[in-house]
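Here the structure is laid out as structure tokens; the discussion comes afterwards.
Values quoted throughout were computed directly from the atomic coordinates according to the rules given, and no laboratory measurement underlies them. Note that this is a predicted model, so its numbers are computed, not measured. A quick note on method: Cβ atoms are made from the backbone with ideal geometry, for glycine too, and the neighbour counts reach across all protein chains shown.
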């Protein structure tokens, strides 16, 4: 099983065993405003798809856990969207974990892992309009706006980061 560790975080593949934490994460209206909510059944379906993506593609979404406490803080990871034929870096954290740099730390770790381990040439980040905190995370990582699109009927701005365009300054910011 793939585990990515940073100074403060442990990222491990999400599984169906994470269903309660996943539902709770998405039940918070501050979180679901940008990523939607899940019933338990929908979450089980999504988590089964995450497990399949890990098995088939060697990457997927991860649980973000505090290395100090083991607490579930949210999710991050690399998700392949077949309709775009792109790999997206995503990050969603519990509202009480916002503003502490966890999203940037987790997303940087999965992007760097994807470039180094999977040989990805580029990664996208699909961000709903108005989600300024996620735009800031993307900018800190070196992503730039690429196009407007739609995901599950919702408008998104697709940001892109090419492996060759990464600057050490963008990787070193917190």
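How high is the relative contact order of the chain? Use alpha-carbon pairs under 8 Å, at least six apart in sequence, and give a whole percent.
It comes to 17 percent, rounded to a whole number.
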Quiz prompt | Least to most buried among 34, 102 (fewest other Cβ within 10 Å first) | solution = 34, 102
Exercise. Along each of the three principal axes of the Cα atoms of the chain, give the extent in whole Å, ordering the values from largest to smallest.
Key: 39, 38, 33
Self-check item: Over the chain: helical MRE at 222 nm, DSSP H runs n ≥ 4 each giving -39500 (n - 2.57), nearest 500
Solution: -11500 deg cm²/dmol
Practice problem: Pop a pseudo-label 7 angstrom from the Cα along the beta-carbon direction at both residue 116 and residue 40 and give the gap in nm to one decimal. | Solution: 4.0
Exercise. Can you grab the distance from the C-alpha centre of segment 66-99 to the C-alpha centre of segment 127-152, Å, no decimals?
Key: 14
Self-check item: Extension reserve of the residue 3-residue 98 stretch, reckoned as 0.36 nm per residue once the Cα distance is removed
Solution: 32.0 nm
Exercise. Arrange the peptides 133-141, 79-87 so that the one whose residues have, on average, the most other Cβ atoms within 10 Å appears first.
Key: 133-141, 79-87
Practice problem: With a point put 7 Å past each Cα toward its Cβ, work out how far residue 30 is from residue 132 in nm, to one decimal. | Solution: 1.5
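Once you have a ≥ b ≥ c as the square roots of the Cα gyration tensor eigenvalues for segment 83-134, tell me rounded if a/c is under 1.5, and otherwise prolate or oblate according to whether a/b is larger than b/c.
Oblate shape, in that a/c is at least 1.5 and b/c is the bigger or equal ratio.
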Quiz item: If each residue's Cβ is checked for other Cβ atoms within 10 Å, how do 61, 161 rank with the fewest at the top?
Solution: 161, 61
